[in-house]
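*Asks:* Take this structure, written in structure tokens, and hold onto it; I'll ask about it next.
The values are calculated or read from the model by the stated rules, or taken from the named source; none is laboratory data. The structure displayed is predicted, hence computed values, not measured ones. For neighbour counting, all protein chains shown are included, and Cβ atoms are generated from backbone atoms with ideal geometry for every residue, glycine included.
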Amino acid sequence: MTEENSTTKVKDFVFVSFTNKPVVTITLFFVFLISYVATLVGNIGMIALIRASPQLHTPMYFFLGNLSFIDSVFSSVVACKSLVNLLEDKRSISFIGCAMQMYFVIGLGSAECFLLAAMAYDRYVAICKPLLYPVLMSARSCILLMAGSYLLGFLHSLLHTVFTFRLSFCQSNQINHVYCDITALLSLSCSDTRLNELLIFYVAGPVEATTMLSVFLSYMYILANIVRISSASGRLKAFSTCSSHLIAVTIFHGAILILHFRPKSSNGSPIQDMSDKILAVFYTIIIPLLNPLIYSLRNKEVKDAFSNIWRRVWVKMIR
């Protein structure tokens, strides 16, 4: 192979399939489809419920509505292409399409990290500084926190996307992953990827660490404040307002740490590759499916709002 040919950039990428067995592929397609539809129904339903219920027009539910929006788009970015790939033989994605998919996956994932930190801060203010809550969590403050989450998330994503897709991909164009993952793409490059690895370590790592630390500190203060509440019912009420968010944060950050920061062998293995794909599906499809359930099943205000909407709809239907 000549030097010129060895550095020719690929025009598209091909996803390696989960399996070559048609029965398993069809089964996976329907599992993905049902999970994706349920994710959309749950998250769009949560957004509609919040908008239609005046009692949910508070900072906490403003953030929750944005979390549902992020989860809806996040799962769509990955699930739509994955569903098409399960039905096609080629399973390809264009160079630009891959760049856009990676940009939105990292951007939305990073925005969710910052948003979950903002939600923890909201709970901290509500429980530890209730008298200052209307001032610290004003409409302007909520909008700034939300805008900052999107801005920081997509600036972080832009940095990784630009420096990844300026590389040459000449070794292979087969991505052994569910979506255009940055680590999977770096393994295909024939360029020097040391700068990209430094960006992951010194930029992506601190984004994950600082958002986790802010959540941790918020809940340490919340826990210390709950312990000082004299009545058992008061402690239970204060803890119940935070438990759903704490569960969601633990699942989300746990998935990120396992997916991106666990030790991996240098040349990979079939078991490791399959585990990466399963974790990626859990991160991009299952977690967005679980979030509406976590925040609704353990939340009396959401259940009451849903009951009120259902009664209004039922009354209109029987008239």
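*Asks:* Scan 74, 165 and give me the residue that is of a type outside the set (Val, Ile, Thr), within 25 Å of residue 41 (Cα to Cα) and buried (at least 17 other Cβ atoms within 10 Å of the Cβ). Even if it seems obvious, please write down each step before you answer.
*Replies:* Values: 165 fails: within 25 Å of residue 41 (Cα to Cα).
The unique qualifying residue is 74.
*Asks:* For the stretch 176-291, please list each of the helices (runs of 4 or more DSSP H) lying entirely inside it that holds at least 3 residues being among the aliphatic types (A, V, I, L, M), surrounded by 13 or more Cβ atoms within 10 Å (Cβ to Cβ) and more than 22 Å from the chain's Cα centre (by Cα). If you could, list the steps in order and put the result at the bottom.
*Replies:* Details: elements: 182-186, 194-199, 205-227, 232-261, 270-281.
Answer list for the stretch 176-291: 205-227.
*Asks:* Considering 78, 73, which residue is touching a Leu at 6+ places or on another chain (Cβ under 9 Å) and at pLDDT 95 or above? Don't jump to the end; show me each part of the working.
*Replies:* Working: 78 fails: touching a Leu at 6+ places or on another chain (Cβ under 9 Å).
Going through 78, 73 in turn, just one is touching a Leu at 6+ places or on another chain (Cβ under 9 Å) and at pLDDT 95 or above: 73.
*Asks:* Looking for something more than 23 Å from residue 293 (Cα to Cα), out of contact with any Lys or Arg (no Cβ under 9 Å at 6 or more places or on another chain) and crowded, with 20+ Cβ neighbours inside 10 Å - is there at least one such residue anywhere in the stretch 109-116?
*Replies:* No, the stretch 109-116 contains no residue that is more than 23 Å from residue 293 (Cα to Cα), out of contact with any Lys or Arg (no Cβ under 9 Å at 6 or more places or on another chain) and crowded, with 20+ Cβ neighbours inside 10 Å.
*Asks:* Quick check on the stretch 306-314. Is at least one of its residues surrounded by fewer than 20 Cβ atoms within 10 Å (Cβ to Cβ) and among the aliphatic types (A, V, I, L, M)? Steps first, answer last, please.
*Replies:* Let us first name the residues in the stretch 306-314 that are surrounded by fewer than 20 Cβ atoms within 10 Å (Cβ to Cβ), namely 306-314.
Then keep just the ones that are among the aliphatic types (A, V, I, L, M); that gives 309, 313.
Taking every residue of the stretch 306-314 in turn, at least one turns out to be surrounded by fewer than 20 Cβ atoms within 10 Å (Cβ to Cβ) and among the aliphatic types (A, V, I, L, M).
*Asks:* Looking only at the stretch 223-275, how many residues end up being under 30 Å from residue 16 (Cβ atoms) and either aliphatic (A, V, I, L, M) or modelled with pLDDT under 85 (or both)?
*Replies:* At the first step, the residues of the stretch 223-275 found to be under 30 Å from residue 16 (Cβ atoms) are 251-275.
Then keep just the ones that are either aliphatic (A, V, I, L, M) or modelled with pLDDT under 85 (or both); that gives 251, 255-274.
Selection size over the stretch 223-275: 21.
*Asks:* Out of the residues in the stretch 160-175 meeting the condition of being within 26 Å of residue 278 (Cα to Cα) and part of a loop (DSSP other than H, G, I, E, B), tell me which one is modelled with the lowest pLDDT.
*Replies:* Going through the stretch 160-175, the residues within 26 Å of residue 278 (Cα to Cα) turn out to be 160-161, 164-165, 169, 171-175.
Remaining after also requiring part of a loop (DSSP other than H, G, I, E, B): 165, 169, 171-173.
Details: 165: 95, 169: 89, 171: 71, 172: 83, 173: 91.
Only one residue fits best here, namely 171.
*Asks:* Of all the residues that make up the stretch 125-140, how many are crowded, with 17+ Cβ neighbours inside 10 Å and modelled with pLDDT of 95 or more?
*Replies:* Counting residues in the stretch 125-140 that are crowded, with 17+ Cβ neighbours inside 10 Å and modelled with pLDDT of 95 or more gives 2.
*Asks:* Give the residue, chosen from 193, 161, 210, 183, that is hydroxyl-bearing (Ser, Thr, Tyr) and touching a Phe, Trp or Tyr at 6+ places or on another chain (Cβ under 8 Å).
*Replies:* Working: 193 fails: touching a Phe, Trp or Tyr at 6+ places or on another chain (Cβ under 8 Å); 210 fails: touching a Phe, Trp or Tyr at 6+ places or on another chain (Cβ under 8 Å); 183 fails: touching a Phe, Trp or Tyr at 6+ places or on another chain (Cβ under 8 Å).
After ruling out the rest, the residue left standing is 161.
*Asks:* Taking the stretch 84-99, which residues are out of contact with any strand residue (DSSP E or B) (no Cβ under 8 Å at 6 or more places or on another chain) and buried (at least 16 other Cβ atoms within 10 Å of the Cβ)?
*Replies:* Selection gives 86, 99.
*Asks:* Continuing with the same structure: Given the options 48, 38, name the one that is closer than 14 Å to residue 76 by Cβ and within 25 Å of the chain's Cα centre (by Cα).
*Replies:* On the way: 48 fails: closer than 14 Å to residue 76 by Cβ.
38 is the lone residue from the list that is closer than 14 Å to residue 76 by Cβ and within 25 Å of the chain's Cα centre (by Cα).
*Asks:* Scanning for something in contact with a strand residue (DSSP E or B) (Cβ under 9 Å, 6 or more places away or on another chain), over 15 Å from residue 103 (Cα atoms) and of a type outside the set (S, T, N, Q), does the stretch 181-194 turn up at least one residue?
*Replies:* yes
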